[in-house]
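Visitor: Provided herewith is a single structure, encoded as structure tokens, for subsequent inquiry.
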Amino acid sequence: MLVEPIETQVAPVQEGNIHDYDTILDYFNNQPVQQDLKSSYHTITFVTTGIIAYDGGQTTMLHLGTLLTQAGYEVYYQSYVPQSKAEMENNAEFNYPGYQGICVEMKDLKRHQSDIWIATLWESAYIIKNLPGYKLYFVQDYEPYFYPFGDRYQLAKRTYELGLHMVSLGPWCKQMIEQNCQVQSPIAAINFPVALEKYPLSKRDFAAYPQKKVFQLAVYTKFTSPRRAPINIEIVLRNCEKILQEKGYQLEINYFGTKKEETFINGHNLGKLTQPQLVNLYHQSDIGIAPSMTNFSLVPFEMMSTGLPFVDFYEGTGRYFIPQNCCFYTHFDETELAQLLLKLFQNPDQLQKTTANASAHLHSITWKKTLSDILQILQHLPTTKH
């Protein structure tokens, strides 16, 4: 007699389905890039998965595209997934109010012309690589790490070897690509910036910390993104809470970045927040935490910009972006974290000094530097002879 299977509540690992790519299958091949040179370059098209609200990578794209528009380039945002122009424009305005550039629907992909095409995700590298024009690849993450080791891991890794001219946001992606891939094309790193004006500095009374027994933590994570360590950070913070309770301290943990309907094992879920809500949260918090296990997130810089003391983890990538004297590093270990927090609660001078260092550092990595970096690359692209 055969045993009947019992349905479990544990979902299998998502393996992916080739039909996810039915609408763009024609673009997938391993032919290397053929760069089409021009005597000069005027139009730039970012190729993207539509425009998604709350998406940090697309917000960076829109900010960069706006600055390039202001620098004299004609900028477009071309979707390769079905999304209406009105919806693209709405989400673009939500992500980056006052953005500049023109949104283009998927149906116009085959007819749209551009001097420069910019891939923004590994899938879009395949889409643009054989289009007429010069092909750049704006690398905001080492995207093989988005997947378990398997075919999509390999498909993503392959994009760094196809010959696109790569521009890494910060040094970490560039290092990962050079260490793990057979690079056949230029790769440059540009400044990873922060918009200081959107996250104003708030004067904090660190001298009051030694008398406090309740501390507010602002913690950024995303249930849908292992890059934000949602499981690790919850477990560590839950255990850390217990240790600190025994010492007479209470942590008020406010998670954000995850859909409001999701349930955390501790703390409060504030959901996805708008920029003014984020500023308010940072100003009211005592400590900020935002794990980055791959490239980086804008959130740590935004927290630091408001003067919020920031705690990061050695297991992540923060050390590639934040100097040692600008935040507080520990491991994903509840005992270490609790010891660090206890030390900080009693050391207002250290908090004052470190947040001052952070503020000084952030003023050296503004969008002005990022624009300068990208213009240097664009102005020195190979051209045809006049």
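Visitor: Can you name the condition, by its number, that Met293 falls short on among (1) closer than 30 Å to Tyr137 by Cβ; (2) assigned to a helix (DSSP H, G or I); (3) not hydroxyl-bearing (Ser, Thr, Tyr)?
Guide: Failed condition: (2).
Visitor: In the stretch 335-380, which residue that is β-branched (Val, Ile, Thr) and at pLDDT 95 or above is farthest from the chain's Cα centre (by Cα)?
Guide: So the residue we want is Thr335.
Visitor: Kindly indicate whether Lys203 is free of Cβ contacts under 8 Å to residues at least 40 places away in the same chain, over 14 Å from Thr366 (Cβ atoms) and either in contact with a Gly (Cβ under 8 Å, 6 or more places away or on another chain) or basic (Lys, Arg) (or both).
Guide: No.
Visitor: May I ask you to say which residue of Leu68, Leu25 is assigned to a helix (DSSP H, G or I), open to solvent by 50 Å² or more (accessible area, probe 1.4 Å) and either at pLDDT below 95 or not acidic (Asp, Glu) (or both)?
Guide: Leu25
Visitor: Between a residue in the stretch 324-343 that is closer than 20 Å to Pro300 by Cα and in contact (Cβ under 8 Å) with a residue 12 or more places away in the chain and any residue that is assigned to a loop (DSSP other than H, G, I, E, B) and open to solvent by 20 Å² or more (accessible area, probe 1.4 Å), which pairs come within a Cβ distance under 6 Å, given they are 6 or more apart or on different chains?
Guide: Taking only residues 6 or more apart or on different chains, the pairs are Tyr329/Tyr314; His331/Tyr314; Phe332/Glu315.
Visitor: Take the residues in the stretch 367-386 that are touching a Pro at 6+ places or on another chain (Cβ under 9 Å) and among the basic types (Lys, Arg); name whichever of them is most open to solvent (accessible area, probe 1.4 Å).
Guide: Restricting to residues being touching a Pro at 6+ places or on another chain (Cβ under 9 Å) and among the basic types (Lys, Arg), the top hit is Lys368.
Visitor: Sticking with this structure for a sec: If you go through the stretch 349-366 one residue at a time, how many are within 21 Å of Gln140 (Cα to Cα) and open to solvent by less than 30 Å² (accessible area, probe 1.4 Å)?
Guide: 2
Visitor: Another one. So which residues in the stretch 71-97 are of a type in the set (A, V, I, L, M, F, W, C) and either open to solvent by less than 30 Å² (accessible area, probe 1.4 Å) or in a helix (DSSP H, G or I) (or both), if there are any at all?
Guide: Listed by number, the residues that qualify are Val75, Ala86, Met88, Ala92, Phe94.
Visitor: Name, by its number, the condition in (1) touching a His at 6+ places or on another chain (Cβ under 6 Å); (2) surrounded by fewer than 20 Cβ atoms within 10 Å (Cβ to Cβ) that does not hold for Leu342.
Guide: Result: Leu342 fails condition (1) only.
Visitor: If you don't mind, there's one more thing I want to ask. Here are some residues: Glu93, Glu74, Glu105, Glu89. Which one is among the acidic types (Asp, Glu), touching a Cys at 6+ places or on another chain (Cβ under 7 Å) and without any contact (Cβ under 8 Å) to a residue 60 or more places away in the chain?
Guide: The conditions single out Glu89.
Visitor: Might you let me know whether the stretch 190-206 holds any residue that is at pLDDT 95 or above and small (Gly, Ala, Ser)?
Guide: For the stretch 190-206, residues at pLDDT 95 or above and small (Gly, Ala, Ser): absent.
Visitor: Can I ask one more? Which residues, taken from the stretch 280-299, are more than 20 Å from Leu351 (Cβ to Cβ), open to solvent by less than 20 Å² (accessible area, probe 1.4 Å) and either modelled with pLDDT of 95 or more or not polar (S, T, N, Q) (or both)?
Guide: Pro291, Phe296
The values are calculated or read from the model by the stated rules, or taken from the named source; none is laboratory data. Everything quoted here is computed from the prediction, not taken from an experiment. Heads up, the Cβs are rebuilt from the backbone with ideal geometry, glycines too, and the neighbour counts pull from every protein chain shown. Just the protein is used for accessible areas: all its heavy atoms, side chains included, with ligands, DNA and RNA removed. Shrake-Rupley method; radii C 1.70, N 1.55, O 1.52, S 1.80 Å.
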